[in-house]
Amino acid sequence: MKFSEMTYKRPDFETVKKEIRAKLDTFKNAKNAEEQIRCLDEINAIRNNIDTQSELSSIRHSINNNDEFYTKENDYWDEYSPHYANETTNLAKAILASPFLGELKKKYPKQLFTLLENSVKSFDECIIEDLQEENKLATQYNRIRATAQIEFDGKKYTIPGLAVFLENPDRATRKRAAVAIADFYASHEQEIDDIYDKLVKVRDKIAKKLGFKNFVELGYVRMNRSDYNADDVACYRRQILETVTPMATEIVENQRKRLGYDKIYSYDLNYKFASGTPKPQGSPEWIIENGRKMYSELSPETKEFFTMMADNDLMDLVSKEGKEGGGYTTYITGYKSPFIFSNFNGTAGDLEVLTHEAGHAFQVYSSRDISILECIWPTYESCEIHSMSMEFFTYPWMKNFFGKDTDKYLYDHLTGTVTFLPYGVLVDHFQHEVYEHPEMSPAERKATWHKLEGMYMPWKHYDGADLFERGGWWFQQLHIFNSPFYYIDYTLAQICAHQFFGKINKDFNAAWKDYLHLCKLGGTQSFLGLVKEANLKSPFEEGTVAAAMEVVKAKIEEFSNGDIQ
């Protein structure tokens, strides 16, 4: 079914609550496991509809924040999603208290029960008002970004639209664009500081109400991190600092030499080549048609998947007024349909977003027949393996998009996966500091970012962007506001994807077999369980990062020996 034909109808919470609670009573009074399983199927049918309506509302609101109808619907879900979560938590408690739990564990994946335990730990009716406040604050931040209209050279631009100028060959233009973006955030500095200050405090309050020491502990439970902890992450960040930061620094230094600059600034980082930045050689529609060809040739499974996505308009890709920034993939449960959202702006990033989000969408499409809502998607760090690895699997087809600039694009992309890693762990380290010290003032948070940025990204220098010079770059990072602690996941997955990259270069078909197997497993196992199933090594294991970087470094040097100017 085409996306436009999917019907949205706001559920009536009181009606839904009565239906779920009646079936839950039947579940509790069941005489055997078979009866309970039937009840769970009936309850999950109700939950699937709720999830479907919530996703339809969220997608349509993110496409156009100026749509009054879906703005009101988004407000409804901000208010009522915690109430729906309460019913889900009651269900989780009932399942975990079942006298037939042993038999249920034979029926459903072990991971389901880990997720249920975490949902119970992370929710209680006493925090509903706090969750509503958290939702509303995140929405306030999103609206500031989505409704931005920034004056530049006599025209008004959205933030993604203005970001295109950061790749302009004229250095003065890049600087003016960077300053314009920084000035936009500076003009909202007090408002954004206030929103984030309230977010930190309400999250800390929620954590303590639930019996946690601080939000760091709750954040890990919310993220369903069941087989690693904050100490493991700290050791992993050290591996990135010791192994990757020097490599990334060298990449940036080579860029400086290539461009012939005395010093490289933040507004230069997206301008990699004096001979011109590689760009897709066609319109968004042309990209989609080439994408269709690419996925038709990659495998029978990807051909079926992408044809379904394109034929049913399950992608909204172009930046426009009122549209939220960034990119994401979600899943419309009732229609078994992934949906890809992005902001194409005519840069090489359009291809990275398409292949990245297609990786997510292909995974959830591959696991769409998993009947348990909680296990269709894996946990976030596992999700990102699919997306980042898909970027590498599509390398052989990039010539269809970039022509003579293909090697330049591949060099740009591969080096970008390296320089991203220190930034990714910086975002994580910053959030640990913030939530371990919720009493920090806005100025202290910026000082913390400034200090960590100097450690992980010593090449990052600003020129004329006062807010960013003071440590305010993170104002741009949606995850910090909307999805706390969801960022180290990208780096963990990147190390796994780098391992896939090594396997692809040895035996493409064998690598694809492991990848397809991983996608079909969905979220039926934990992160480290899925890593093992895909024949990969844990990123936490000492030496994994260094080994993954060896393969990447060799390929970068191979590209560098070519005509990369």
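The values are calculated or read from the model by the stated rules, or taken from the named source; none is laboratory data. These figures come from a predicted structure and were not determined experimentally. Glycine gets a Cβ as well: all are built from the backbone with ideal geometry, and neighbour counts include every protein chain shown. Quick note on the areas: whole protein, heavy atoms, side chains included, nothing else; ligands and nucleic acids left out. Shrake-Rupley method; radii C 1.70, N 1.55, O 1.52, S 1.80 Å.
Remarks
- Residue satisfying condition, being within 16 Å of residue 391 (Cα to Cα) and not small (Gly, Ala, Ser), within set 535, 505: 505
- Residue in the range 413-426 that is among the aromatic types (Phe, Trp, Tyr) and at pLDDT below 95 present: no
- Members of the range 367-386 found to be of a type in the set (Ser, Thr, Tyr) and crowded, with 24+ Cβ neighbours inside 10 Å, listed by number: 382
- Of everything in the range 184-222 that is open to solvent by less than 70 Å² (accessible area, probe 1.4 Å) and small (Gly, Ala, Ser), the residue that is farthest from residue 162 (Cα to Cα) is 211.
- Single residue of the range 351-366 satisfying the filter (at pLDDT 95 or above and open to solvent by less than 10 Å² (accessible area, probe 1.4 Å)) that is farthest from residue 523 (Cα to Cα): 355
- Any pair with Cβ under 8 angstrom, 6 or more apart, that starts in the range 492-520 at a residue that is closer than 11 Å to residue 531 by Cα and ends at one that is open to solvent by 50 Å² or more (accessible area, probe 1.4 Å) and not in a helix (DSSP H, G or I): 499/537; 514/535
- Considering the range 168-180, and only residues there that are free of Cβ contacts under 8 Å to residues at least 12 places away in the same chain and assigned to a helix (DSSP H, G or I), the residue that is most open to solvent (accessible area, probe 1.4 Å) turns out to be 172.
- The number of residues in the range 376-434 that are of a type in the set (Phe, Trp, Tyr) and touching a strand residue (DSSP E or B) at 6+ places or on another chain (Cβ under 9 Å) comes to 1.
- Any chance residue 342 is at pLDDT 90 or above, under 14 Å from the mean Cα position of the chain (by Cα) and surrounded by 23 or more Cβ atoms within 10 Å (Cβ to Cβ): yes
- Restricting attention to the range 345-377, the residues being acidic (Asp, Glu) and either under 20 Å from residue 391 (Cβ atoms) or under 14 Å from the mean Cα position of the chain (by Cα) (or both) number 3.
- Among the residues making up the range 1-22, those that are open to solvent by 60 Å² or more (accessible area, probe 1.4 Å) and either assigned to a helix (DSSP H, G or I) or modelled with pLDDT under 95 (or both) are 1, 4, 5, 14, 15, 18, 19, 21.
- Condition broken by residue 306, with the remaining ones in (1) in contact with an Asp or Glu (Cβ under 9 Å, 6 or more places away or on another chain); (2) crowded, with 20+ Cβ neighbours inside 10 Å satisfied: (1)
- Qualifying helices (runs of 4 or more DSSP H) (wholly inside the range 434-536; at least 3 residues being over 19 Å from the mean Cα position of the chain (by Cα) and surrounded by fewer than 16 Cβ atoms within 10 Å (Cβ to Cβ)): 442-456, 508-521
- Close pairs (6 angstrom Cβ cut-off, 6 or more residues apart or separate chains): within 12 Å of residue 90 (Cβ to Cβ) and touching a residue at least 60 places away in the same chain (Cβ under 8 Å) in the range 22-43, open to solvent by 80 Å² or more (accessible area, probe 1.4 Å) and assigned to a helix (DSSP H, G or I) anywhere: none
- Of everything in the range 309-328 that is touching a Phe, Trp or Tyr at 6+ places or on another chain (Cβ under 7 Å) and either part of a loop (DSSP other than H, G, I, E, B) or of a type outside the set (A, V, I, L, M, F, W, C) (or both), the residue that is surrounded by the most Cβ atoms within 10 Å (Cβ to Cβ) is 314.
- Test for residue 522: is it over 17 Å from residue 388 (Cα atoms) and not acidic (Asp, Glu): no
- Among residues that are more than 27 Å from the chain's Cα centre (by Cα) and under 17 Å from residue 371 (Cβ atoms), residue 91 is included.
- Test: residue in the range 27-40 that is among the acidic types (Asp, Glu) and crowded, with 16+ Cβ neighbours inside 10 Å: no
- Selection of first residues in the range 309-323 that are touching a residue at least 60 places away in the same chain (Cβ under 8 Å) and of second residues that are among the hydrophobic types (A, V, I, L, M, F, W, C) and not in a loop (DSSP other than H, G, I, E, B), restricted to Cβ pairs under 6 Å at least 6 apart or on distinct chains, gives the following pairs, ordered by first then second residue: 313/3; 314/3; 314/339; 316/63; 316/341; 323/63.
- Flag for residue 540 being in contact (Cβ under 8 Å) with a residue 60 or more places away in the chain, assigned to a loop (DSSP other than H, G, I, E, B) and under 29 Å from residue 442 (Cα atoms): no
- Residues of the range 46-74 satisfying the condition of being of a type in the set (Val, Ile, Thr), over 24 Å from residue 147 (Cβ atoms) and open to solvent by 10 Å² or more (accessible area, probe 1.4 Å): 46, 50
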